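Participant: Encoded as structure tokens, here's the structure I'll be asking about.
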Amino acid sequence: MASDDDYYDEDEGEEELVVDEDDLGLLEDEEAAPLPELRADHWAITRKSLSAAQQQDISMVMNLVSLEPHNARALLMHHRWKMERITDFLERRGREGLFREAGIVVPPEENSSMLPFRTAVDKPSHKRPRIATCNVCFEDVSRLSDVSTMDCGHCFCNDCWTEHFLASLDNGKKHIHCMELKCPAICDDATVRRLLGRKYPAAAKRFDGFVLESYLENNASVKWCPSAPHCGRAIRVDAGERYCEVECPCGVSFCFNCAAPAHSPVPCTMWDQWDAKFRGESENLKWIAVHTKSCPSCHKPIEKNGGCNHVRCPCGQHLCYACGGKLDSSHNCNRYDDKRAASHDAIRRQMLRYTHYCDRFNVHTTSRKAEQSTLWPAVQKRIVRLESANSIRPLIRQSSWLAQAHGSLLASRLVLSRSYAFAYYMFGDEVRTYPSDRANLAMAKELFENQQEQLERNAERLSKVLAAEAAPKLVEEEVVRTMQKTVNLSKIVDTHCREMYTCIQDELLPLLMESMSIAPYRPDGPDKAKEMDLA
């Protein structure tokens, strides 16, 4: 592997530099510049625009397969609001197969043959004319306006429908189905609102809220922003963008998959374990290891509260607190036990290993904070000074390279700190990989650590270059030299960050028995969600 010293050596002597505008091709070369990344659009939806955003998706399905709104919503909920899944099912199974798989019942051409009513209009009568009898309450219904029919053709009186709707809501059902036994048809939303609104207005409002919340609860592409206090926005990402990091307009950045603060390139499962351990679990484990003994029977930790070393565990087991062994007639713990010493050495090794990764995680986290709070103001002063240097040509006074280099440095610190959290779990004894991939894991580990080392070294170089004080008098040749060094280092750092992400995603994670993935590398931070206002 070629070293970065082949590209940059801070101790290397430099030749006399003749400055010409063409010499600045490092910044202008279109062939060397990376192609712009195609990023999916992410949207921030307020509570006011939530209903309109939901209606957008429902309208697409209604137009695609000619469904009423309530059935279109049910179809979307069944497929977790993933439009691509619906189109895939439609292509493979057709319209009828799509409906059947989701339990959607569409209105038949003639509903009259399915009416569960007993009609009596054959003979004239002096009594009040009877149109039908409801098969639920067995009451006679004299007006058609007092009955309602669903898509399946089943018809009952409005009073029975109303109580059925209320009971379904109270039971927290996602869909309100027809009252007919074993009928899978979903009741029309408009009918539910109309009948509930007459007798139970509060329940009708609750139903509207329930319909709206279903867009979030069952939608794999929409999640509430995890800000606290809550900013009132939901974030919607494009289909297939589950593993991504998003920044809400309120300023909170988070992993869309697990809603935790942004943590790539660490997979969600590993980050959850690291975060819990980093926040205090490790200290608890150390305390338990020093101040307790494990019961040899139930293996729970026991803390001694007296002077006697003869201890009884709540499970009933008697043990010697001096050695942690069972108390019996042959017990003797005054002799040195190689096996027990080996177990204590293992605990010590585990703690030293965690300390190694934790210390380096903290070092880069602390460096990033300092480079944000202290180095950035100094860089800003250099930018102002350079842009106001009238003795230097305008093209060279352009100072965006300084801000870009500082951004690359901050991004590299995040990658470095999190890379140690990833390495702690990826290369630990508890990692579960396929036995045939053990050799591949060793090779991928070597590649990862080499990239980590290269990134670490060049991040320190870039930090040093940005922190260096400019000469009292700005000279054009010196400015160009500094610019070239800074831009080169910035590109090297960015390249190593991308390589580490590729190594993790393509070389290391596929070796795990548990499927994991990470969000893509974003040198300028998580993707920004745009405000959506459809109200």
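The values are calculated or read from the model by the stated rules, or taken from the named source; none is laboratory data. As the structure is a prediction and not an experimental result, all values here were calculated from the model. For neighbour counting, all protein chains shown are included, and Cβ atoms are generated from backbone atoms with ideal geometry for every residue, glycine included.
Participant: Out of curiosity, is Glu245 more than 30 Å from Pro69 (Cα to Cα), out of contact with any helix residue (DSSP H, G or I) (no Cβ under 6 Å at 6 or more places or on another chain), of a type in the set (Asp, Glu) and not assigned by TED's automatic domain parsing to the domain that holds Gln505?
Facilitator: Here the answer is yes, as Glu245 does meet what is asked.
Participant: I'm checking my understanding of the structure. Among residues of segment 186-223 that are assigned to a loop (DSSP other than H, G, I, E, B) and under 32 Å from the mean Cα position of the chain (by Cα), which one is modelled with the highest pLDDT?
Facilitator: Ranking the qualifying residues of segment 186-223, first place goes to Ser221.
Participant: Let me ask something additional. For the subset of segment 487-535 comprising residues that are of a type in the set (Gly, Ala, Ser) and surrounded by fewer than 20 Cβ atoms within 10 Å (Cβ to Cβ), which member is farthest from Ala444 (Cα to Cα)?
Facilitator: Step by step, filter segment 487-535, then rank; the result is Ala535.
Participant: Looking at Gly407, Gly428, which one is part of a loop (DSSP other than H, G, I, E, B) and either touching a residue at least 24 places away in the same chain (Cβ under 8 Å) or not assigned by TED's automatic domain parsing to the domain that holds Glu499 (or both)?
Facilitator: Criteria check complete, one pass: Gly428.
Participant: Would you call Thr433 assigned by TED's automatic domain parsing to the domain that holds Ser367 and closer than 30 Å to Asn390 by Cβ? First the steps, then the outcome.
Facilitator: Working: assigned by TED's automatic domain parsing to the domain that holds Ser367: yes; closer than 30 Å to Asn390 by Cβ: no.
It is false that Thr433 is assigned by TED's automatic domain parsing to the domain that holds Ser367 and closer than 30 Å to Asn390 by Cβ.
Participant: Given (1) closer than 23 Å to Leu414 by Cβ; (2) in a helix (DSSP H, G or I), where does Pro226 come up short, assuming only one miss?
Facilitator: Among (1) closer than 23 Å to Leu414 by Cβ; (2) in a helix (DSSP H, G or I), the lone unmet condition for Pro226 is (2).
Participant: Conditions: (1) in contact (Cβ under 8 Å) with a residue 12 or more places away in the chain; (2) of a type in the set (Gly, Ala, Ser); (3) assigned to a helix (DSSP H, G or I). Ala389 meets all but one. Number of the miss?
Facilitator: With respect to (1) in contact (Cβ under 8 Å) with a residue 12 or more places away in the chain; (2) of a type in the set (Gly, Ala, Ser); (3) assigned to a helix (DSSP H, G or I), Ala389 is out only on (3).
Participant: Among the residues of segment 428-445, which ones are over 23 Å from the mean Cα position of the chain (by Cα) and surrounded by 10 or more Cβ atoms within 10 Å (Cβ to Cβ)? Let's see the steps before the verdict.
Facilitator: The initial filter retains those residues of segment 428-445 that are over 23 Å from the mean Cα position of the chain (by Cα), namely 428-430, 433-445.
Once the filter is applied, which keeps residues that are over 23 Å from the mean Cα position of the chain (by Cα) and surrounded by 10 or more Cβ atoms within 10 Å (Cβ to Cβ), segment 428-445 yields Gly428, Thr433, Tyr434, Asp437, Arg438, Asn440, Leu441, Ala442, Met443, Ala444, Lys445.
Participant: Could you list, in sequence order, all residues of segment 240-257 that are within 16 Å of Asp41 (Cβ to Cβ) and part of a loop (DSSP other than H, G, I, E, B)?
Facilitator: The answer is Gly240, Glu241, Arg242, Cys244, Cys248, Pro249, Phe256.
Participant: Ser264: under 30 Å from Tyr424 (Cα atoms), in contact (Cβ under 8 Å) with a residue 24 or more places away in the chain, touching a Phe, Trp or Tyr at 6+ places or on another chain (Cβ under 9 Å) and outside the structural domain of Tyr425 (by TED's automatic domain parsing), yes or no?
Facilitator: Here the answer is yes, as Ser264 does meet what is asked.
Participant: Might you let me know whether segment 494-505 holds any residue that is in a loop (DSSP other than H, G, I, E, B) and under 32 Å from the mean Cα position of the chain (by Cα)?
Facilitator: No, that holds for no residue.
Participant: Being exposed (fewer than 15 other Cβ atoms within 10 Å of the Cβ), part of a loop (DSSP other than H, G, I, E, B), modelled with pLDDT of 80 or more and at negative phi is the filter here; which residues of segment 307-321 pass it?
Facilitator: Pro314, Cys315
Participant: Got a sec? Which of Cys160, Cys152, Cys137 is free of Cβ contacts under 8 Å to residues at least 24 places away in the same chain, out of contact with any His (no Cβ under 6 Å at 6 or more places or on another chain) and not assigned by TED's automatic domain parsing to the domain that holds His78?
Facilitator: Just one listed residue meets the conditions, Cys137.
Participant: Give me the pairs: first residue in segment 165-192 and polar (S, T, N, Q), second residue surrounded by 18 or more Cβ atoms within 10 Å (Cβ to Cβ), beta-carbon distance under 6 Å, and six or more apart or on different chains, which are they?
Facilitator: Ser168/Ile176; Thr191/Ser148
Participant: Another question, then. Looking at segment 506-535, which of its residues are more than 28 Å from Cys250 (Cα to Cα), in contact with a helix residue (DSSP H, G or I) (Cβ under 6 Å, 6 or more places away or on another chain) and in a loop (DSSP other than H, G, I, E, B)?
Facilitator: Selection gives Met516 alone.
Participant: I've got another one for you. When only residues in segment 359-411 that are aromatic (Phe, Trp, Tyr) and under 30 Å from Ala423 (Cα atoms) count, which is nearest to the chain's Cα centre (by Cα)?
Facilitator: Applying the filter and picking the extreme gives Phe361.
Participant: Here's something else I'd like to know. Consider Phe422 carefully, then state whether it is touching a Pro at 6+ places or on another chain (Cβ under 9 Å) and touching a residue at least 24 places away in the same chain (Cβ under 8 Å).
Facilitator: Considered against the rule, which asks whether it is touching a Pro at 6+ places or on another chain (Cβ under 9 Å) and touching a residue at least 24 places away in the same chain (Cβ under 8 Å), Phe422 comes out as yes.
Participant: Quick check on Ala167: is it in contact with a Pro (Cβ under 9 Å, 6 or more places away or on another chain) and surrounded by fewer than 14 Cβ atoms within 10 Å (Cβ to Cβ)? Write out each step before concluding.
Facilitator: Numbers: in contact with a Pro (Cβ under 9 Å, 6 or more places away or on another chain): no; surrounded by fewer than 14 Cβ atoms within 10 Å (Cβ to Cβ): yes.
No, not satisfied.
Participant: Can you tell me which of (1) within 20 Å of Pro523 (Cβ to Cβ); (2) modelled with pLDDT of 90 or more; (3) buried (at least 18 other Cβ atoms within 10 Å of the Cβ) is the one Gly407 doesn't meet?
Facilitator: For Gly407, the failing item is (3).
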